[in-house]
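Visitor: Submitted below is the structure of interest, expressed as structure tokens.
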Amino acid sequence: MYQGQQQQQQQGMNTVSSKELAYITDCLKNEELLAKLAVQGAAESTTPQLKQKLSQIAQDRLQNTDQLLRTLQQYTQMTH
């Protein structure tokens, strides 16, 4: 009985619920929006320091998005 419960728990850890997928989708959209806003701010800024900071923020947001997508792809490969 214990072994069966352990297998069920492991299988449960290998699945992503629809609520989790919705959260991930929201995170990706938020990161994309933040990157776009930072790019827009950098383009409109007249201060070199602010331009540089906003450009760095945009780059960081896009890196976060890429990292999340890579992690999801690895997870998908592990479960299929």
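Visitor: Run the quick spin-label model on Q74 and L33: label points 7 Å from Cα toward the beta carbon, then report their separation in nm to one decimal.
Guide: So the label points at Q74 and L33 sit 2.8 nm apart.
Visitor: Which whole-Hz couplings ³J(HN,Hα) result when phi for each residue of segment 50-66 is put into the Karplus expression 6.51 cos²θ - 1.76 cosθ + 1.60, θ = phi - 60°, listed in order with x for Gly and Pro?
Guide: Those phi angles translate into 5, 4, 5, 5, 5, 5, 5, 4, 4, 4, 4, 4, 5, 5, 4, 5, 4 Hz.
Visitor: Right, something else. Among residues other than T65 whose Cβ falls under 11 Å from its Cβ, what is the net charge (Lys/Arg +1, Asp/Glu -1)?
Guide: With Lys, Arg at +1 and Asp, Glu at -1, the net is -1.
Each reported figure results from applying straightforward, stated rules to the coordinates on display, with no laboratory input. Remember, predicted model here, so these are calculated numbers, not experimental data. No Cβ is skipped: glycine too gets one built from the backbone with ideal geometry, and neighbour counts run over all protein chains shown.
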